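I have placed the structure first, in the form of structure tokens, so that the comments after it can refer back to it.
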Amino acid sequence: MDCQALDSTLLAQGAWYARPPPRLTVAQWADEHRRLSRESSAEAGRWRTSRAEYQRGIMDAVSDKSVGQVVVMSSAQIGKTEVVNNVVGYFISQDPSPMLLVMPTLEMGEAWSKDRCAPMVRDTPALRGLVAEPNSKGSGNTLLHKTFPGGHLTIAGANSPASLSSRPIRVVLLDEVDRFPASAGTEGDPVTLATKRTATFWNRRILMTSTPTVKGVSRIDQAFNHSDQRRYFVPCPHCDAFQVLTWAAVQWPEDRPEEAKIACVECGALLDDGDRVDMIARGEWRATAPFTGVAGFHIWEAYSPWRSIAEIVSDFLKAKPYPETLKAWINTSLGEPWEDQLGERMAGDTLAARAEEYEPWTVPAGASLVTAGVDVQHDRLALTVWGFGPGEEAWLVAWEEIFGSPAERSTWAALDAALSRKLAHGSGGTIGIRATCVDAGDGVMTNYVLDYCRDQRARRAAGVSHALAIKGQSQPGKPPIGKPAKVDVTVRGVTAPGSAMLWPVGSDTIKGWYMGRLRNEGAIHFPAGLPDDFYKQITSERLQTKFVRGMPVKRWVKASAARNEALDASVYAYAAAVFAGLKRANWPALVAEIKKSKPQEEASPMMRPPKLRGGFVNGWRR
């Protein structure tokens, strides 16, 4: 039998390996075959690229032979995840290849496999039967590894070097790269590790997507700047001028964001959401930089059919007052990197000039939640007490240094005396300190701190605030306070009643909160009469770019010879506030509770400190 007859026979038998791939782009395949699942989409049923026309150019770039890498820097709410899903489905169905999908963590990869991939395979006829269920007998498929005729899909976490282990890969999909760690364990940059897997393929494809983070360290921003930087141009329905939708063109009457519109850059016509939908349907991608094999796309919420201009403006007005919320809005709504202005240290004199006329150890009326932070030094305890109110407005209530060795009982008794005070509140009542974070550090002071924080029941009975032993984490992106680790654990894993816990605190995250708000006059308040040294300490650090295993990361760096206990203690007080419910506070209820309290002149100035127990190895000095 000659070759032509053999090919005809194989085609007649439906052999997948004898059929040439159909000439479909990713978008064409999705329009013809993809089905959206009810549990993973608000618009279940047949996929329609025309629903968000800008997605067509992104998907088709993946199937463009001249493009080796596709970079998508975008806001949220533009359907980025479904684009990734369509690319996965296309290569399973039309162009079988070894694929690698990398998520920020292995847990996120597992969630994608269960919540996105499995429903897509189940509900899309073109995929059904190609990928077996993970629990099918003899299928060879697991939650993180899918096989199909002609290829396989490995799902990996950027935090897991083992899941990025060496194997030949033709298609690499990197989702939310700005949330990747600087290094996969000790192996190095996870993006580099993943893309190196494609080295042996002449027809490799790399898709990198993410919302950006901070300019200078954002992976997706750097990748986009090395691409042909495509923008989505849309025609004005009045003058037909093609233009890119920008935030600067959004206009609204003062105090009426619901009337927001976009102004045409040519004729000035005000365009509503109906105009916008029509413009996007007739839009086109245009490169704004030379093409060198990398197709880059930037898209933001103004192009999304799932968002109105009024909603975007309303979110902006809510985010505008504070740097941390404005940063999140710029990243997730505009799809642009945040240009950090924290590299320059603030002058302490600037803050001192803002001091207000309220007495230390009194709480202004706006604050309804009071917490404390303690930085432990070898010869003293540095204490800050802060009051917080709606919008996380903050007032410094007290700054003190309690001199004495942490090995002495009297030092901790003095701290208890301070923390048990009932403070005069601006409403006429009194308020106590709800929680305190105490730095346990890494050295010889750790056991003393753990012993002090150990028995919370005794503290509550004595009217002293909840004390948490904490350990600062300098890595960016850590939560203000995380899940605690058990300290007093037996060999059988049993924790004794009244034992201590060690709580991780995202020091860098909170320092960014303080420094950003210090630049916003009216967000943080200080009482008159503070020593100049306090202002020098709280402004002692600045944010600098450091390189960790070749990757740029932001780090807080202390000025040489500067003290920073006031800043650290303030960081711990904010962590204590988050522990005490700052993010979910019922402010009216807290105010009502304060108003029910006794006036200051009737309240006991301080409660009896709890009885301190013996220490660990060294014990308390008598």
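Distances between placed amide hydrogens fall under 5 Å for T436 paired with A372, H466, A467, L468, all partners being 5 or more residues away or on another chain. Here the accessible area is traced with a 1.4 Å probe on the protein chains. For the chain, carbon and sulfur cover 52 percent of it.
Near S540, no amide H atom lies under 5 Å from its own; only residues 5 or more places off or on other chains count, and H is placed 1.01 Å from N. Using θ = phi - 60° in the Karplus curve 6.51 cos²θ - 1.76 cosθ + 1.60, the 3J(HN,Hα) couplings for region 524-534 round to 10, 10, 10, x, 5, x, 5, x, 4, 4, 4 Hz; x is entered for Gly and Pro.
Can you give the FRET efficiency to the nearest 0.05 for E593 and A44, using r as the Cβ-Cβ distance and R₀ = 60 Å? Spell out each step's value before the answer.
Details: r = 47 Å, r/R0 = 0.78.
That gives a FRET efficiency of 0.80.
What ranking of K471, K583 comes out by heavy-atom accessible area, probe 1.4 Å, highest first? Don't skip to the answer; put the middle values down first.
Values: K471 75, K583 120 Å².
Result of the area sort, largest leading: K583, K471.
At the residue level, R51 shows approximately 80 square angstrom of accessible surface with a 1.4 angstrom probe and all protein chains present.
My understanding is that a pair violates if its Cα-Cα distance is over 30 Å; which of K422/K583; K261/K320; K261/K327; K320/K422; K80/K558 do that in this structure?
Numbers: K422/K583 24 Å; K261/K320 19 Å; K261/K327 23 Å; K320/K422 35 Å; K80/K558 39 Å.
From the list (K422/K583; K261/K320; K261/K327; K320/K422; K80/K558), the Cα-Cα distance tops 30 Å for K320/K422; K80/K558.
Straight-line cross-link reach from K471 at under 18 Å between alpha-carbon atoms covers these lysines, not counting any fewer than eight positions away in the same chain: K483, K486, K511.
Computed with a 1.4 Å probe over protein heavy atoms only, the accessible surface of the chain comes to 45 Å² per residue.
Mean separation of Cα pairs under 8 Å and 6+ residues apart, divided by the residue count of the chain: what relative contact order is that in percent? Display every interim value, and only then the final one.
On the way: 1301 pairs, mean separation 79.5, N = 622.
Result for the chain is 13 percent.
A cut-off of 5 Å between modelled amide H atoms, ignoring neighbours fewer than 5 places along the same chain, links D488 with A500. Output the relative contact order of region 200-255, whole-number percent, from Cα pairs under 8 angstrom with separation of 6+ residues. Normalised by residue count, the contact order of region 200-255 is 16 percent.
A probe of 1.4 angstrom, applied to the heavy atoms of all protein chains, finds E82 with accessible area near 20 square angstrom. Dividing the summed helix terms, -39500 (n - 2.57) for each DSSP H run of n ≥ 4, by the number of residues in the chain produces a 222 nm estimate of -7500 deg cm²/dmol to the nearest 500.
Let me know the shape class of the chain, please: from the alpha-carbon gyration tensor, a ≥ b ≥ c as square roots of the eigenvalues, rounded when a/c is under 1.5, otherwise prolate if a/b is greater than b/c, or oblate. Prolate is the answer for the chain, as a/c is 1.5 or above and a/b outweighs b/c. Across region 25-37, rounded Karplus estimates of 3J(HN,Hα) from the backbone phi angles (6.51 cos²θ - 1.76 cosθ + 1.60, θ = phi - 60°) give 7, 4, 5, 5, 4, 4, 5, 7, 10, 6, 10, 8, 8 Hz, Gly and Pro being marked x. For region 210-298, GluC sites (Glu not before Pro) meeting the loop criterion (DSSP other than H, G, I, E, B) and having at most 12 other Cβ atoms within 10 Å: E254.
For region 64-177, the relative contact order works out to 36 percent when only alpha carbon pairs closer than 8 Å and six or more residues apart are counted. Rolling a 1.4 Å probe across all protein chains gives V250 an accessible area of roughly 10 Å². Note that region 393-402 has calculated 3J(HN,Hα) couplings of 4, 9, 10, 6, 9, 7, 9, 9, 10, 9 Hz, one per residue in order, obtained from phi through the Karplus relation 6.51 cos²θ - 1.76 cosθ + 1.60 (θ = phi - 60°); glycine and proline are x.
The values are calculated or read from the model by the stated rules, or taken from the named source; none is laboratory data. Owing to the predicted nature of the structure, the values given are computational and were not obtained by experimental measurement. Neighbour counts run over all protein chains shown; Cβ positions are idealised from the backbone, glycine included. Ligands, DNA and RNA are excluded from the accessible area calculation, which covers all protein heavy atoms including side chains. Shrake-Rupley method; radii C 1.70, N 1.55, O 1.52, S 1.80 Å.
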